[in-house]
Every structure is written in structure tokens, then in C-alpha cells.
Amino acid sequence: MIRKPTPLFFEQGPHAVILLHAYSGSSNDMRLLARRLESENYTVLAPIFTGHATGDPADILTAGSPQQWWHDTQAAIQQLRDRGYQQIAIFGLSLGGLFATRALMEDPQLVGGGTIASPVIFRGQTNVPTAFIQMARATYRQAKIVGEEQDQKVAWLQDHLTAQLTAIQAFADTTATHLDRVTQPVFVAQGDADQMIDPRSGKWLAEAYPQDQVTFHEYAGAGHVLTVNSAHHALEQDLLTFLHLIFEK
């Protein structure tokens, strides 16, 4: 029996942090970071976007959409507020960073937040389509779906993936156009060996904000998933420093 990921919710201190995962990922992307923040007395919520972590990659395309994931993001913020948390920061990895940025833009009560390897400003190449299909094949193999059945399922995914990625792109472009509406302190993290998105993405985003508003960290030799790769300890420390600053204000 393969255990499916579930949302993470670690209740600790009065300062709360939302962590949004990557496209085709899950709350597991955020577990190490969430545990580190929890150990420093932060309350942490890492939801799972609709359609993700179900065991069938097709659910991402049929149940998920940028509008649905934006709704999921708003629901996560509301969940914390309903439990009495008023001091909330929000961060996202890759796709999650698009929604964290949109949340900062639309919800000035949020204290701050930011992005981790997120193509908010999209230029250059992306390997997301290839990676999605590789992930799907691995998921089907785990579920013992092989041969012709797997090929048919993957063909369906390939037929429908472009439309969703185009919708995500439109959401990112709209967000990037209105970054001046983000007034809170912003944290931007990027690995310089990112092979999923252009490794200059973080710098482009950081440069779009006023210098005194943004904290930019680039991690040498680190790939895309900074929350679990060689940079994760450094990222955790940098994020804790940033949180200390924004919550002390």
C-alpha cells in the first residue's frame, strides 16, 4: 500500500507560516522546511493543491487549475485566521510561489512572504512538461500500470498538459504585471544550477521589487527543489532570519 501525502499542520507559536508546494508535487516538498520552522516555534501549514498527491497524475489536469489552486491558497489563509492566527507569512516553491506572490498582492494583512525557485517572471526555457511526464510514468510504474495501458494514460496527459501549462503561464504573467501591488517584505530564493526553470528567474523577480523591499538569496550549485536538495540547510537558516525580521516589526 503506497501512503499518499497529506497536508501538514504543525501548531506551535503565534506566528504562522504557509508553505505551498510545486507543480505535480505535494506537502512532502515542504516537510523538512516545515519541521525546521516548527522547531523554532512557528506554526506551519503546508496544504496540498487540488488534484495533487492522489496517485493519478491525470487528476492534476482534470481537478486542478490556477483558479482552483488560488482558491486552495485563500482557503489555507482562512484556515489559519479561523484558528485565531493574525500574523501570517506565505511562501511557495515553484508553482506555489505564483500563488504566494498573488496572495501578498491581494491580501495586505499578510505580514510578508516570497518564492523559492519560482518562475513568476517567465523567460527562457522550462523543463516542466518533460518532468511532468517522467513523474507520471514513475507514478504509474509504482501502481503497476505498465506497457500499453501506461502508454495510453501518458498519451492522454500529453494531449491535455499544454492547455494547463498555458493557463498557469497566463496566471504568472498577470501576477508579474502587478508586482507593484505587493507592499510587504519579500524573500526570493533561487539555485544557480536550476534545470527546471531558467536559473536567472530569481534575479529577475528580485529586480522587479524595490531594493529595500526584497531579500534575495542565490544558492551556488543548487538545483530546483531547494527545500530538499543541497541548499536546504542554508535556505532554512535564511528563511528563519527573514521571518525573525518581518515578525519583529
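Here is a yes/no grid of residues against (1) more than 18 Å from the chain's Cα centre (by Cα); (2) surrounded by 20 or more Cβ atoms within 10 Å (Cβ to Cβ); (3) not charged (D, E, K, R):
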| site | (1), (2), (3) |
| --- | --- |
| G112 | no, yes, yes |
| P119 | no, yes, yes |
| G124 | yes, no, yes |
| A143 | yes, no, yes |
| A176 | no, no, yes |
| V182 | no, yes, yes |
| G191 | no, yes, yes |
| D194 | no, yes, no |
Q: Could you figure out which of (1) outside any helix (DSSP H, G or I); (2) surrounded by fewer than 19 Cβ atoms within 10 Å (Cβ to Cβ); (3) in contact with a helix residue (DSSP H, G or I) (Cβ under 7 Å, 6 or more places away or on another chain) isn't true of I90?
A: (2)
Q. Is there any pair with a first residue in segment 50-63 that is at positive phi and a second that is buried (at least 16 other Cβ atoms within 10 Å of the Cβ) whose Cβ atoms are under 6 Å apart and which are 6 or more apart or on different chains, and what are they?
A. G51/I60; G51/G64; A53/P5; A53/S26
**Q.** Count of segment 111-147 residues which are at negative phi, assigned to a helix (DSSP H, G or I), out of contact with any helix residue (DSSP H, G or I) (no Cβ under 9 Å at 6 or more places or on another chain) and of a type outside the set (A, V, I, L, M, F, W, C)
**A.** 4
Q: Look at A189 and say whether it is touching a helix residue (DSSP H, G or I) at 6+ places or on another chain (Cβ under 7 Å) and of a type in the set (A, V, I, L, M).
A: yes
Q. Name the pairs: first residue in segment 148-165 and on the phi > 0 side of the Ramachandran plot, second residue of a type outside the set (F, W, Y) and outside any helix (DSSP H, G or I), Cβ to Cβ under 9 Å, at least 6 apart or on different chains?
A. none
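Read-outs throughout are calculated quantities, based only on the coordinates presented, and are distinct from any laboratory measurement. Fair warning: this is a prediction, and the values are worked out from it, not measured in the lab. In this analysis, Cβ positions are derived from the backbone assuming ideal geometry, glycine residues included, and neighbour counts consider all displayed protein chains.
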